[in-house]
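The numbers here are math on the coordinates, done by the rules we state, and not lab data. If you're wondering where the values come from, they're calculated on a predicted model, not measured in any experiment. Reconstructed Cβ throughout: ideal geometry from the backbone, glycine too, with neighbour counts over all protein chains shown.
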Amino acid sequence: MRRRHFISGTLLTGLLAASGTSLAGVPDDFTVESPVGGTKFTLSKARGRWVVLHFLLKTECPVCLRHTREYARRAGELKDTTQVFLKPDSVEEIRAWAEQLKESGITVYRDADAKLAEAFSIPGGYRFHGQVVHYPALLILDTTGKEVFRHVGKDNGDRVAFDALVAKLKELQK
């Protein structure tokens, strides 16, 4: 029964996003900070650019690391697009995780207690490495900050491949 509820909720969220209808509580603006260097990302300052939000899993996730490295390596292919990698971990955990990515030059932002994931209705309840976390997700926000696409993975390996993201952005930017 819970599984059916999750699928229905995900379907409803996707239909609302596709129709341009906002979900209650979805932030018009937000700011997140990186525990490494204190860099901040504020959505309103990114107006005019496409924004891709990557809601990564809490804990050490080798799939997340591989996924993030691929997106970082190929970031130059995403014109007028800002990628925002979010983890709900502690400051110390993100610093340790970012150390494994330092050669990529990527910034990892902290979504403290997954509050931003909750605001964007990313479902929780995924059991991973002995913890219960939100599901991995990728959201695309258009140049006005409105959500126009979402993919919520059913497990840590269910991700949007980089080439699929490029194709989706081209489709949306027409």
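Values for this structure:
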quantity: Reference-scaled alpha-carbon Rg (2.2 N^0.38 Å with N residues) for region 42-169; calculated: 0.98
quantity: Ranked by how many other beta carbons lie within 10 Å on average, peptides 141-150, 165-174 from highest; calculated: 141-150, 165-174
quantity: For region 55-126, diffusion coefficient by Stokes-Einstein and Kirkwood Rh (Cα), 37 °C, 0.692 mPa s, µm²/s; calculated: 255 µm²/s
quantity: Residue-span extension gain [Glu33 to Ala161] - 0.36 nm each, minus C-alpha spacing; calculated: 43.5 nm
quantity: Beta bridges per DSSP with both ends in region 32-153, % antiparallel, nearest 5; calculated: 65 percent
quantity: Across Lys45/Lys170; Lys40/Lys168; Lys115/Lys170; Lys87/Lys154; Lys102/Lys170, pairs whose alpha-carbon gap is larger than 25 Å; calculated: Lys40/Lys168; Lys115/Lys170; Lys102/Lys170
quantity: Net lengthening on full extension, Asp80/Glu103 (0.36 nm per residue, minus Cα-Cα); calculated: 6.0 nm
